[in-house]
Amino acid sequence: MSDTLCTVRENIARSGPINPMSRLTENCIQPPATLNDHLRSIQKFGVRLRFRRNEPIFDGGDPVDRVYKILSGTVRLCRHMADGRRHVIDFLLAGDLMGFAEFSDPLAAAEAVTEVTLIAYPRSCLDRLARENPMVHAQLVCHLTETLVTAQQQLFVLSCQNAKERIASFLLRLAHRLNVRPGDRLNLTMSRQDIADHMGLTIETVCRAFSALKAEGFLLISNPHQLILGHACTAIPRGRELDSHVS
């Protein structure tokens, strides 16, 4: 037994001190590449474009021949009716992708809410990349699935929540996307009219909802462009509906 212990000690002395983290590092699985990571392989085919505030990026009748990655700014996806009414489908932020519709014509128009910088990739390049790399194809499916889940959640909000709850849901989702915590400042790049058209409300009802949420402590500071979320904003506030019609 003593000879065995001596042999072990000699081996440890020759190999040096044991670092328990070294083996963990060796066995650590690298995070999988994201869709944005794969887009770098077709970076040379991308074109950087800039748009002014409220400038259209593409229209509902334009052909679907490009995929876009937003580098900075906020984009709204919307549909316009013949009588001038508008529905804002969603707001896209820096890092988001758009233009993945499989139809011959997109169903929505994209407009710059703020000054926007993006990269436009030829759709044919992305299609070829997806055919050659199964991982890219799988991530495209995941991206489209996430878009569908977001649309389903929005349908739930519009059909089951009152005006105040809709605005609270919108702010919570935006804060989550921007990694803003209670007590931090949340920048609102979209107008109250944009929010109203997104949540199926009138601008007057949106303003009343903001005032009600501030009175309840859900918001600490509320102005047209910035607000601070209260520490009670981790859940949708319940209670009496606003003294107005929803729309």
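Could you please let me know if Val157 is touching a Ser or Thr at 6+ places or on another chain (Cβ under 7 Å), part of a helix (DSSP H, G or I) and either farther than 16 Å from Leu92 by Cα or at pLDDT 90 or above (or both)?
yes
Could you look through segment 178-192, keep only residues that are in contact with a strand residue (DSSP E or B) (Cβ under 9 Å, 6 or more places away or on another chain) and not in a loop (DSSP other than H, G, I, E, B), and pick out the one that is nearest to Arg79 (Cα to Cα)?
First, the residues of segment 178-192 that are in contact with a strand residue (DSSP E or B) (Cβ under 9 Å, 6 or more places away or on another chain): 178, 180-190.
Narrowing further to those that are not in a loop (DSSP other than H, G, I, E, B): 185-187.
Values: Arg185: 30, Leu186: 27, Asn187: 25 Å.
That would be Asn187.
Which condition number in (1) surrounded by fewer than 18 Cβ atoms within 10 Å (Cβ to Cβ); (2) under 20 Å from the mean Cα position of the chain (by Cα) is the one that Met135 fails?
(2)
Criterion first (outside any helix (DSSP H, G or I) and farther than 24 Å from Ala94 by Cα) does Leu213 satisfy it?
The answer is no for Leu213.
Tell me yes or no: at least one residue of segment 69-92 is more than 19 Å from Asp194 (Cα to Cα) and of a type in the set (D, E, K, R).
yes
Write out, first by first residue and then by second, each pair whose Cβ atoms fall under 8 Å of each other, whose residues are 6+ apart or on separate chains, and whose first residue, in segment 115-135, is closer than 12 Å to Ser41 by Cα while the second is basic (Lys, Arg) and surrounded by 16 or more Cβ atoms within 10 Å (Cβ to Cβ).
Short answer, once both residue conditions are applied: Tyr121/Arg66; Tyr121/Lys69.
Determine if segment 47-63 includes at least one residue that is touching a helix residue (DSSP H, G or I) at 6+ places or on another chain (Cβ under 8 Å), surrounded by 13 or more Cβ atoms within 10 Å (Cβ to Cβ) and of a type in the set (A, V, I, L, M). Steps first, answer last, please.
Applying the first criterion (touching a helix residue (DSSP H, G or I) at 6+ places or on another chain (Cβ under 8 Å)) to segment 47-63 yields none.
No - not one qualifying residue is present in segment 47-63.
Looking at Leu140, Leu118, Leu126, Leu158, which one is within 19 Å of Phe210 (Cβ to Cβ) and surrounded by 12 or more Cβ atoms within 10 Å (Cβ to Cβ)?
Leu158
The values are calculated or read from the model by the stated rules, or taken from the named source; none is laboratory data. From a predicted model like this one, the values you see are computed outputs, not experimental measurements. Cβ atoms come from the backbone with ideal geometry, glycine included; neighbour counts cover every protein chain shown.
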